Structures are given as C-alpha cells and as structure tokens.
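Below is one structure, written out as structure tokens; comments come after it.
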Amino acid sequence: MKIVHAASELYPYMKTGGLADAVGALTATFVNMGHEVSVFLPGYRDALAHPLAAGAERRFRLKIEMGDQFLSGDVLTFSPRKNLTVFLVCRDEYYDRRYPYGNGERDYEDNSDRFIFFCKAVVETMRLADLGADIVHTHDWQTALLPLLLREAERRFGVTLAMKTVFTIHNIAFQGLFSAVCFARTNLPDELFSMDGLEYYGQVNFLKAGILFADRVTTVSPRYAMEIQTPEFGCGLEGVVQTRIDDLSGLINGVDTDVWNPSTDKLIPARYSARDLAGKNTCRRELLRQCGLDPTFAGPVYGMICRLTEQKGVDLVLANTDFFTKRDTRFVILGSGDRRMEAELGKAAAAAPARISVCARHDESMSHLIEAGSDFFLMPSLFEPCGLNQMYSQVYGTVPVVSRVGGLVDTVRDSDEDPEAGTGIMCEPDAVSLRDALERALALFGDKPRLAAVQQRCMARDFSWKTAAAAYDALYRDAL
Ligand code: ADP
C-alpha cells in the first residue's frame, strides 16, 4: 500500500508527547511490513536541524490560498530509509520557532493559520507529486482538516488524491477551537460553517472536521473509543462522535521495544529479564540512592512519571501522601508542569525527606530507572486515551496501580479480581479508591509468591508495535 501520514509531531524530529512516538513507530513498522510510506511534518526549526534531515532537498515551491491571500511555502524531502520519505512543509514565518504550539506560557495566536496552511500544503504537495495514496492518515486537531480539504481539492481539480482517509484522535481534550473569522482562511464552502460542519457554538472546531469527514475514525484504545461517546469523557464532542460509531475503532498503541526493554536498556545500571530478575534489585538500590533515600530499604517502592496535570491524577496522590509516611514505604515521582502541583509535591517531600522524593524535571534516564527500580508504578489518571507508562512498567516487571479509565482498562488486569491472569491493581479515579489500591499493593508486596507470579505475567505480555500495526493494516484494508 501507499500510505501517507500527516502529523504535527514525529519522533525523532519533533516530540512533546505520546503523539510523536506513536506516529514515528507506526510509520517505521509499516515500512518494515513492506509498505511505501510518506510522512508530512511542519518544517520546525528543530526538525530542519536534525542530523537525519541534513540531506533534505527542496522539491516543491508552493503557493497556498489562505482566504484572499496567496502564501508561499517550500517542501523539502529526505529519505531516512528505503520506502520512507519525510516531507517537511516549510514557511519560516510559521514554523521557524523554538516550540511547536506555544511559548510555554500560552499557545501561539496564529495556530489556526499555521495548521490550515500545513494541511493545505500537504494536499497541494500530494497533487504536485502525484503521490497516488491508498490511505491518508491524519492525527489530532492539527491535521484534522486534511480529509475534508483533500476531498474539496479533488472536486476542484477533478483528480483522485487518496482512496481513503483515516483520522486518529490521540486526545479529545485538545480540539483546535478558534474564532469564527479563521473559517475564511480555509476557503471551504460557506455551508460548511454550520452544525453539520466545522461550526461549534459559533467557533471553528478543527477536531470536529476530522471526526465528521474522514472515512474512518480511530482512537488509541477500545475503552477510550466508548468513553468519548459519553458526556463525561467526550469534552463536548460526544454527540459528533456518536454520529460515526459505525466507522469508529479503538486501537491500542504499542511499545517501542528497542527503547523500552529491560534486557537491553543502556539507561539502567543492570539489565534483567523475566528469567533472572537479579538486575532489577540493582536498579532499585540505584534508584533509591539517586533519589536520596536509603538504598538498603527493603519495603515497597512506589514510582510515578507524568506531566504534572490534572489528567494524570496527581491530586489523588497528593491527597494520599500520608500513606507513604504511615506505612513503611517509599515514593518517588518524576514530573514537571503545573506549578501548584510541583510546590505541593515539594512540600510533601520536605516534610518526609526519608520517604518521598520529587524530581521536578524532564529526565529520560531517570524515567527508565523509575520503571526498572520501582516495585509499583502509579497511574491514577482521571482519563487516559491510551497511556504508555503502564505498558512500560509491565515490560519492566513493575506492577502498575492504575485507575479504571481509557487505555488503562485495556492494558491492565486487576490481580485481586483475576488471580490467574491479573497484572496490576486497579481503582476508581478518586482518592479513597486510590488509598485502597495502595494498601492492596502493600499486601501484594508482602506475599512474595503471589507478587512473583504477577510480575511474571506482566513481563510475558506482548505490547509490541507489530500487534498494533497489524490492527491498523487490517483497518486500512477493510476501508479500501
Ligand atoms: P501523555 O502522552 O499523556 O503525556 P503517555 O503515558 O502516553 O502520557 O506518555 C508520556 C511519555 O512521556 C512517557 O514515555 C513518559 O515516560 C514520558 N514522560 C513524562 N514525563 C516525563 C518526565 N518528567 N521525564 C521523562 N519522561 C517523561
């Protein structure tokens, strides 16, 4: 198949979160499967400076209609490996910036223009390059207009640019909601600024366009696919999602086992496998040492890694910090973001420095060490489209303690409810239920044969991208 992806992030050229990993791994796996893959990414400063992009050549000079203006842009291409072409859509005014979406304080004011331009540039390049795509796959609000713009261009030029389009929602909480004036920049027919089109309570909603106009809609777990049809999780778009249930599916992301694998991981002090867990103990000691805790401590270590946001359930943990002081346990958390949460975590650590350790930074090595060196991994998210860390922790034999939402439900099984197949401990997304889960983890730690059995089941699970990509492959074929 000829497959075209368009996204605002692509590992290793631009990453702020799971989207980059997912698009990077999905495209690489599709190339391994023998498909011909093209990926479009904005020509951000970092992407252009990446060593793999050093040989990029200018292939197209574009004139893109934006309302009553024509704006120019360049398309550079390079091929990091056979059957994979990366297209960088360049316009310095839009993409030659330090960050992809905002300056850290707030989003860029011209984000609607930046991503309308990007989507239009992808369509125009597909036409000029005669890419003849079987599938065009777009991701999240930044590229959600593409399926619609593509069909409009086909009508206008009397050509076929793609057989089918697929749109993936990685997080429905981010919708690309802009003032109505930006609609004119799309040059779409006026009737599309309506309830059946892009209009959303007087504004323009990019994500809504992706949900309505792609041939297939996917999201990143079966459970989240159900949840986004409800007011509790749909963030106002549940009604729109419901109109597409016949074409909606939930496909779990995979784990990049070249990066997350305890038997080959160079970022941890000792390697280990399900057959020989001795190295995990070395990692545990090193984790405690690096966190300023007693390395000889024999009780359970609870670890956590996340963006400090409401979504990740940080407040539920904050409400339970006394658990770690009343019980003989240790807690280490790596994360940055919300200032209030950072301060409250700091306060908890200052009050119990021998038990709680906070690393308020982004630290790739420490994230691997926490996955390897903890006994339990906390992820009490309020919502979680897919989640990666609960999968990483199982691969590392670290029992996940998760809330019963989204992708966490699809990737973890409670070991009390299912003693034969359980791989973790599950709770409701509230502080009382989390407390109970922390206690159950403590009890599991005290029952060594049962703990060992749960760990073995965790490490036997297959979360590889091969499985995930096979599901997308089947979806593409079905759509075609
Ligand atoms: P989300 O994409 O919602 O942030 P995921 O669990 O899908 O959550 O993926 C988050 C990724 O970012 C994981 O690989 C996680 O280890 C990593 N991560 C989050 N915070 C940090 C941090 N402070 N330092 C290092 N890695 C982090």
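Data for the structure
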quantity: Residue count, segment 388-418 (criterion: touching a helix residue (DSSP H, G or I) at 6+ places or on another chain (Cβ under 8 Å), open to solvent by 10 Å² or more (accessible area, probe 1.4 Å) and of a type outside the set (Asp, Glu)); calculated: 5
quantity: Lone unmet requirement of (1) touching a Phe, Trp or Tyr at 6+ places or on another chain (Cβ under 8 Å); (2) within 10 Å of the ligand (Cβ to nearest atom); (3) of a type outside the set (Ser, Thr, Tyr); (4) closer than 21 Å to Leu451 by Cα for Gln394; calculated: (2)
quantity: Selection from segment 246-258 of residues that are out of contact with any helix residue (DSSP H, G or I) (no Cβ under 9 Å at 6 or more places or on another chain) and either basic (Lys, Arg) or within 25 Å of Gly18 (Cα to Cα) (or both); calculated: Asp258
quantity: Residues that are under 23 Å from Thr218 (Cα atoms), in a helix (DSSP H, G or I) and out of contact with any Asp or Glu (no Cβ under 9 Å at 6 or more places or on another chain), drawn from segment 377-396; calculated: Met391
quantity: Enumeration of residues in segment 1-20 that are within 16 Å of the ligand (Cβ to nearest atom) and in contact with a strand residue (DSSP E or B) (Cβ under 9 Å, 6 or more places away or on another chain); calculated: Ala7, Ser8, Glu9, Leu10, Met14, Leu19, Ala20
quantity: Identity of the residue in segment 100-139, hydroxyl-bearing (Ser, Thr, Tyr) and in contact (Cβ under 8 Å) with a residue 24 or more places away in the chain, that ends up farthest from Phe30 (Cα to Cα); calculated: Ser112
quantity: Enumeration of residues in segment 1-55 that are aliphatic (A, V, I, L, M) and open to solvent by 10 Å² or more (accessible area, probe 1.4 Å); calculated: Met1, Met14, Leu19, Ala25, Ala28, Val31, Met33, Leu48, Ala49, Leu52, Ala54
quantity: From the options Ala162, Ala153, Ala184, residue that is in the same structural domain as Ile228 (by TED's automatic domain parsing), touching a strand residue (DSSP E or B) at 6+ places or on another chain (Cβ under 7 Å) and closer than 26 Å to Phe60 by Cβ; calculated: Ala162
quantity: Selection status of Val401, more than 8 Å from the ligand (Cβ to nearest atom) and over 18 Å from the mean Cα position of the chain (by Cα); calculated: yes
quantity: Matching residues, segment 397-415, being part of a loop (DSSP other than H, G, I, E, B) and within 19 Å of Ala460 (Cβ to Cβ); calculated: Gly397, Thr398, Val412, Arg413, Ser415
quantity: Test result for Lys164, open to solvent by less than 70 Å² (accessible area, probe 1.4 Å) and not β-branched (Val, Ile, Thr); calculated: yes
quantity: The one condition in (1) crowded, with 17+ Cβ neighbours inside 10 Å; (2) free of Cβ contacts under 8 Å to residues at least 24 places away in the same chain; (3) out of contact with any Leu (no Cβ under 8 Å at 6 or more places or on another chain) that Thr77 fails to fulfil; calculated: (3)
quantity: Selected residue (only one of Asp473, Asp416 is closer than 23 Å to Gly387 by Cα and under 24 Å from the mean Cα position of the chain (by Cα)); calculated: Asp473
quantity: Residue within segment 354-366 that is closer than 29 Å to Ala278 by Cβ, in contact (Cβ under 8 Å) with a residue 12 or more places away in the chain, away from the ligand (no atom under 11 Å from the Cβ) and not hydrophobic (A, V, I, L, M, F, W, C) present; calculated: yes
quantity: Selection within segment 333-361 - part of a loop (DSSP other than H, G, I, E, B) and surrounded by 13 or more Cβ atoms within 10 Å (Cβ to Cβ); calculated: Gly335, Ser336, Asp338, Ala352, Arg355, Ala360
quantity: Within segment 103-151, tally of residues that are assigned to a helix (DSSP H, G or I) and closer than 18 Å to Leu84 by Cα; calculated: 4
quantity: Total residues in segment 405-456, condition farther than 24 Å from Met226 by Cα and among the acidic types (Asp, Glu); calculated: 5
quantity: Failed criterion for Ser433 (all others in (1) within 12 Å of the ligand (Cβ to nearest atom); (2) open to solvent by 20 Å² or more (accessible area, probe 1.4 Å); (3) among the polar types (S, T, N, Q) hold); calculated: (1)
quantity: Top-ranked residue in segment 293-324 [being touching a residue at least 40 places away in the same chain (Cβ under 8 Å) and of a type in the set (Val, Ile, Thr); ranked as surrounded by the fewest Cβ atoms within 10 Å (Cβ to Cβ)]; calculated: Val301
quantity: Test: Ala443 is more than 26 Å from the chain's Cα centre (by Cα) and either free of Cβ contacts under 8 Å to residues at least 12 places away in the same chain or more than 25 Å from Arg327 (Cβ to Cβ) (or both); calculated: yes
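Yes/no matrix, rows are residues, columns are (1) open to solvent by less than 10 Å² (accessible area, probe 1.4 Å); (2) within 13 Å of the ligand (Cβ to nearest atom):
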position	(1), (2)
Arg330	no, no
Ile370	yes, yes
Ser374	yes, yes
Leu378	yes, yes
Leu382	no, yes
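Per-residue answers, yes or no, for (1) on the phi > 0 side of the Ramachandran plot; (2) touching a helix residue (DSSP H, G or I) at 6+ places or on another chain (Cβ under 7 Å):
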residue	(1), (2)
Gly104	yes, no
Lys120	no, yes
Ala129	no, no
Val136	no, yes
Ala144	no, yes
Phe157	no, yes
Thr160	no, yes
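The values are calculated or read from the model by the stated rules, or taken from the named source; none is laboratory data. If you're wondering where the values come from, they're calculated on a predicted model, not measured in any experiment. Glycine also receives a Cβ, built like all others from the backbone with ideal geometry; neighbour counts cover every protein chain displayed. For the accessible areas, the whole protein counts, side chains as well, though only heavy atoms, and no ligand, DNA or RNA atoms are used. Shrake-Rupley method; radii C 1.70, N 1.55, O 1.52, S 1.80 Å.
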